[in-house]
Structures are given as structure tokens and as C-alpha cells.
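Please read the structure below before turning to the comments.
The values are calculated or read from the model by the stated rules, or taken from the named source; none is laboratory data. None of the values given here were measured: they were computed from a predicted structure. Every residue, glycine among them, receives a Cβ derived from its backbone with ideal geometry; neighbour counts consider all protein chains shown. Surface areas here come from the heavy atoms of the whole protein model, side chains and all, with no ligands, DNA or RNA. Shrake-Rupley method; radii C 1.70, N 1.55, O 1.52, S 1.80 Å.
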Amino acid sequence: MSPAGLAQGVTQDRYAVPQPPGNLLLRHYRQAEVAPVNLQNSNRLDSLLRGGKIYLSLEDCIAIALENNLDIELSRYTPQLAQVDLMRAQSGGLLRGVPTAVRASANSVQSQVTGGATGGAGGGASAVQGGAGGDSGGVGGAVITQTGVAIPTLDGTFFSSATMGHRSSPQSNTITTGTTALAFDSRQLNLGYQQNFLTGTSFTYVWNNSYFSSNNRNSQINPGWNPNMQLQISQKLLQGFGLAVNNRNIRVAKNNIRVGDLTFKQQVMTTVAGVVNLYWDLVSFNEDLKVKRKALEVAEKFYSDNKKQVEIGTLAPIEIVRAEARVAQAQQDLTNSETALLQQETIIKNALSRTGVSSPSLAEARVAPTDTLAQPGNDQLDKLKDAIELALQSRPDLEQTRINLESNRIAVSGSKSQLLPSLDVQASFQNNSLAGSVNSLLPPGAASADAFFLGGYGTALSQIFRRNFPDYSIGFNLSIPVRNRTAQADYVRDQISIRQAELNQQRQINDIRVNVQNALIAVIQAKARYESAVKERRLQVQTLDAENKKYALGASTAFQVVSTQRDLAQAQSGEVSALANYSRARVQLDLQTAQILTKYKVEIAEAKAGKSSRPIQAQPN
């Protein structure tokens, strides 16, 4: 399998959250490696290359962009980041945030020549209004540093400690120890587990193991075991109590998964709109090039006819100079159109390749579009209300705003809980034990040890499980801040932030209404300009034909013919430009109403996988 095919083969699971290797126990302590970036293009682009030309249809252009475009490739990591953030929240960690930036698509070539702009107005499709733009962005619905009640660490902790020691202590009397220098040896192994819960409950379980031996003559048990078992339970009753407070970051992280998906969808929408505009501009540049070549042919023929007439003496020599100037102008227009086309081809190849035009075969190949600009149809452009409602229901950036506002309302529960006093109830249970051997250093006549305590470690364990020597306690801790100004300030600030978010949401809705209306009006205007341009071109064709006839009869001048030729070339370029602008206006309307993916049959699942199921379009022989 080729490297490109191999890369496509692993694309399906490339953007899942990576899992560390190893068994269930060890994998939690090993690093999970994220796959290296994939800079291999799909084989679709190479399959369209024939004889030094890339025969490109609009369908293929969209499919290649879904597979190779770096803006989409970069955005594929956003849902993965959201999943990782949820993992972090489920452990009790703070959220690091999900990027919501959407990169605008590449701009078309701006080429200004005498007689007006070439086909296509230039300018790339920008991100839908109201969404984040640019290359770098912030986070949606997330906090890096957090106010309010601290969220407990939800991953349990196993802990242990082991010590060995020897202590020598001189004694001021021998009544308690029977020696003037007490030597004490000890060995300890302590094991424990600590766990917090979303309810505000926590428990700690500890198993302490202690072995001792000494030269104490008066100790009845020596050496011996002194293990104990401890269980401590704590419950928050006011501040930090309940699921709603302690799982707020988990709920926000789940919201951010939806935000990440919407950000990816918005990037796909922006990129698809951009490549559609690039493609239609490329088509219009090709059409404009044909117009410029035809204009040059007409100018050269006129120059040739005038030259013959000057040679036979029926025309003044000055008319040759006038015709030569028109040829030179037509050649300059053709050069501008050719270079603009080359630039546009470079831009579109860069948008469709992960490595740009670094490949010599791709850099040297010419792009031959196989589709033609569609004529404006009988569009239903009078249903403004329906278009606005469609946008308000479908726009991913507006849905992001709604989700982030919901996340802000969830997060404020932490500040609300912080206003309460801290009241914790605690319970502690401990089972003690003691077992060992009779002290061999006991003086004669000393009382022997109680048989209940004689034995080894097993005897001590049985005492623990029988609860022969239990300790237990229950109590509470109450802490009341006197003025509580920090908590009050945080709560008010969070409330103000929510109010600002609500206003921003309304402002975004207002902007969407305006933008959809402007996009709709732009389509109507573009259609009217195209219809006017068609009529202007027809008029100039008839005018030039009439002027040529008058010139042949001596009723017109070469100056008039040259001027009419120039007017016709401008009218033809204007018609191409108007048709391209109409296509661009339609794309912008589809983008503003969030119907761009539906119109061009783009599936988000395929965009995420980086593999389009569209068949490669038939190529010319």
C-alpha cells in the first residue's frame, strides 16, 4: 500500500482519544501517544492529474478539500481536546478549555486591469458572522482558573508508608523500664485509600501495622504487634454540598464536547464555502482569459486591415498607430488575465494540498475546471422571514453561544455555594489490637502477661475484626466568614457575566438577521447586475458590428471602432465578473443560512474521517 493509501487507512480512528498501552492496571501510569500529524495527501488529487493538467470538477474540489485541507485537518483535533477535557473534569481537575476559533478560507486573486476587474470579485469566504475568527482562539464554556467552591478530586488515592527505626534513650529512673538505657526497635507498614465523591462525601481507610521490641524489663509483652484499622468519613452539609455543585465542571465539559463538534462543523462550512468561491473564481478567470484572447484577435485583425489600407493609400498612416495602441492594450489585458489565472491556480492547489505546492508535479500542473458557471435561475428570494428562521435554527455559532450561556449558568452554582458557611460532619472509627510474646527479660516473680494478648500477628488481626478495642467519635466543624466579601463579589461578577452573555446572544441574533438580509439583498443585486451586464454585452456586440459596417463604408473612423472594441471587451469581462459575483453571493447566502453543507451534500462524518465517498468525476479524454 502506498503511503497515501496507508494514511487514509488509519484516518478513521486517528482522532479518537489515544489510550496508553498495557494492561488495565499499568495503563493508568503510562503515557498515551498522539499520532504524528498526517501530511500525506489523498490519492484523489493525483488521480485527476493527466498530461500535466488537473481536470477538476466542483464535486472533486469539495471532496479533495475535505480530505486534504489543513484548516479542516487542524479543526479535527478540537473534538478530541473536548473529550480529553471531559476526562480531566471526571477526575476533579479544572477545565483547560476548547478552542472555538474558525480560520477564514484563502482569498482569491484581486486583479485590476483596464476595463474593470477580471471574473470574480476576489476575497475569500469568511467565517459566519458571530463566530470566532482568526488563527488562534479562546475557549468556549470553560474556565482555566475557577471561582467558587473547590471541586473535590474524584480519582481515588492509594497511599502507603514503611519505616524501620532504632531509638536509644537514657532513663532517669528504672521503675518503668527496669533499665538505665532503653533501646527500642520498631518496624511500621501503613496502607491506606482515600476517596472523594460528588455528593461532598469523603472517606479515608488506613491499615496501620506496627512491630516493636525493646530491652524494657517491665513490659509484659515484648516483642509484639500493635496493628489498628481506621475509617474516617466526612460530609459537607452546607458549602460544597450536592451533585449540582461538585459535578458542574463535568456538565460544562460535556457541553464543550458539543461546542467542539459545532466548531468543527463551522470550520467545514467556512472551508467548503471558500473552496467553492475559489473554484468559481477559477472558472471565471478562465472565461475572462477567453474574452481577452478574443479581444486581442479582434484588435489584431483590425490592425491588419488598417495596415493594408494604408499600404494602398486609402487610409491615413496615423490610423495604424491607433490600431497598434489597441493591440498593445489588448495584449496587456491578456497578460494580466493569464497571470491572474496562474495565481488563482496556485491558491486553489495550496488549499487542496497538505503540503501546498511543494511537490514539483503539483506545482507545475495547470488546473482545468470542468464545470461552468451556472446562469441565475428563478430563485425564491422574497422569503426573508423563512431565511432568517432557517439561519436561527441552523447556525452552529449561535448554538455555541446558547451552549456556552448554559455552561456559564452551570458554573455559577460554585459561587452560589461559596456564599454558605462551611459545615462538615465527621465520623471516625478505629479498631485497636495488641499481641506478642512473653517478655523474656521479666524479673523473677513479676506478673505474667494476660493470655489474651499472647500470640502472633494473627492474634492481633482477630482482635481487630472482633472489635475488642474500638474507638469511635463524631463531631462537626463550622466556619462562618464574618463579612464574606470575596464570595459575594464572585457571585455578583458571575451574574454580571451571565447578563453580558445574554446581551451578546441577543446581539448575535440581531446580527444574524441583518447579515441574512444583506446576503439576500446581495443575491438580488448580483442577479440584476448580471442581467444588466448581459444586455450591455449584447448592445456592444451590435454596436461593434454596426460600427464596422459604417467604417467599411467610410462613415466612421478608426477611433470609433477602437473605442467600440474596447467597450465590447469591457462588457464581456463585466458579464463574466457579474456571473462570478452572483455565484459568490449565492454561496454567502448559503453560508449565512447554514445551508452550505446541505446544498453541496457534505457529510460531517466524512469530514471528520478525512475520507470522502464521492466518486471521482469522469475526466475528458
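Of all residue pairs spaced 6 or more apart or on separate chains, those with beta-carbon atoms under 7 Å, a first member in region 540-568 that is more than 15 Å from LYS301 (Cα to Cα) and a second member that is of a type in the set (Asp, Glu) and surrounded by 12 or more Cβ atoms within 10 Å (Cβ to Cβ) are GLN540/ASP567; SER556/GLU547; GLN560/GLU547. Just one residue in the set LYS416, LYS383 is closer than 30 Å to ASP261 by Cβ and surrounded by 17 or more Cβ atoms within 10 Å (Cβ to Cβ); that residue is LYS416. Taking residues in region 329-345 that are free of Cβ contacts under 8 Å to residues at least 24 places away in the same chain, and partners anywhere that are exposed (fewer than 15 other Cβ atoms within 10 Å of the Cβ) and of a type in the set (D, E, K, R), the pairs with Cβ atoms closer than 9 Å and at least 6 places apart or on different chains are LEU342/ARG366. Of the set (1) over 30 Å from ALA427 (Cα atoms); (2) at pLDDT 90 or above, all apply to ILE474 but (1).
Restricting the first member to region 85-98 and to residues that are in a loop (DSSP other than H, G, I, E, B), and the second to residues that are among the small types (Gly, Ala, Ser) and modelled with pLDDT under 90, the beta-carbon pairs closer than 6 Å and six or more apart or on different chains are LEU95/ALA142; GLY97/ALA142; VAL98/GLY140. Going by what's in this entry, would LEU392 be described as modelled with pLDDT under 85 and among the aliphatic types (A, V, I, L, M)? Spelling it out, it is not the case that LEU392 is modelled with pLDDT under 85 and among the aliphatic types (A, V, I, L, M). Is at least one residue of region 166-176 at pLDDT 90 or above and within 19 Å of SER462 (Cα to Cα)? No: region 166-176 contains no residue that is at pLDDT 90 or above and within 19 Å of SER462 (Cα to Cα). Select from region 62-118 the residues that are within 13 Å of the chain's Cα centre (by Cα), β-branched (Val, Ile, Thr) and either at pLDDT below 85 or surrounded by fewer than 19 Cβ atoms within 10 Å (Cβ to Cβ) (or both) and list them in ascending order. Selection gives VAL84 alone. THR176: among the β-branched types (Val, Ile, Thr) and either open to solvent by 80 Å² or more (accessible area, probe 1.4 Å) or part of a strand (DSSP E or B) (or both), yes or no? For THR176, the condition - among the β-branched types (Val, Ile, Thr) and either open to solvent by 80 Å² or more (accessible area, probe 1.4 Å) or part of a strand (DSSP E or B) (or both) - is met. For region 36-61, filtering for residues that are modelled with pLDDT under 90 and outside any loop (DSSP other than H, G, I, E, B) leaves 7. Determine the pairs where a residue that is more than 14 Å from GLU59 (Cβ to Cβ), located within region 595-611, has a partner that is assigned to a loop (DSSP other than H, G, I, E, B) and open to solvent by 50 Å² or more (accessible area, probe 1.4 Å) with Cβ atoms under 7 Å apart, the partner being 6 or more residues away or on another chain. Between residues of region 595-611 that are more than 14 Å from GLU59 (Cβ to Cβ) and residues that are assigned to a loop (DSSP other than H, G, I, E, B) and open to solvent by 50 Å² or more (accessible area, probe 1.4 Å), the close pairs are ALA609/GLN12. You will find that of GLU406, GLU399, the residue that is in contact with a helix residue (DSSP H, G or I) (Cβ under 8 Å, 6 or more places away or on another chain) and open to solvent by less than 70 Å² (accessible area, probe 1.4 Å) is GLU399 and no other. Every condition in (1) over 30 Å from GLN570 (Cβ atoms); (2) at pLDDT below 85; (3) open to solvent by 20 Å² or more (accessible area, probe 1.4 Å); (4) out of contact with any strand residue (DSSP E or B) (no Cβ under 9 Å at 6 or more places or on another chain) holds for GLY141 except the one numbered (3). Considering only residues that are in a helix (DSSP H, G or I) and in contact (Cβ under 8 Å) with a residue 40 or more places away in the chain, look in region 460-485 and name the one that is nearest to LEU420 (Cα to Cα). Only one residue tops the list, namely ILE464. Inside region 270-288, can you point out the residues that are under 16 Å from THR335 (Cβ atoms) and open to solvent by 10 Å² or more (accessible area, probe 1.4 Å)? Within region 270-288, just ASN286 meets the criteria.
Does ARG258 satisfy the criteria of being part of a loop (DSSP other than H, G, I, E, B) and either out of contact with any Cys (no Cβ under 8 Å at 6 or more places or on another chain) or under 18 Å from ARG76 (Cα atoms) (or both)? So ARG258 does not fit the description; no. If we scan region 374-397, do we find a residue that is touching a strand residue (DSSP E or B) at 6+ places or on another chain (Cβ under 8 Å) and outside any helix (DSSP H, G or I)? No, region 374-397 has no match at all. Being open to solvent by less than 40 Å² (accessible area, probe 1.4 Å) and under 20 Å from the mean Cα position of the chain (by Cα) is the filter here, so list the residues in region 593-605 that pass it. Once the filter is applied, which keeps residues that are open to solvent by less than 40 Å² (accessible area, probe 1.4 Å) and under 20 Å from the mean Cα position of the chain (by Cα), region 593-605 yields ALA594, ILE596, LEU597, VAL602.
Is one or more of the residues making up region 197-207 assigned to a strand (DSSP E or B), open to solvent by 60 Å² or more (accessible area, probe 1.4 Å) and of a type in the set (Phe, Trp, Tyr)? Yes, the conditions are met somewhere in region 197-207. For the structure I just gave you, tell me whether SER428 is over 29 Å from LEU282 (Cα atoms), assigned to a strand (DSSP E or B) and of a type outside the set (A, V, I, L, M, F, W, C). Here the answer is yes, as SER428 does meet what is asked. The number of residues in region 182-223 that are in contact with a helix residue (DSSP H, G or I) (Cβ under 6 Å, 6 or more places away or on another chain) and under 20 Å from ALA446 (Cβ atoms) comes to 1.
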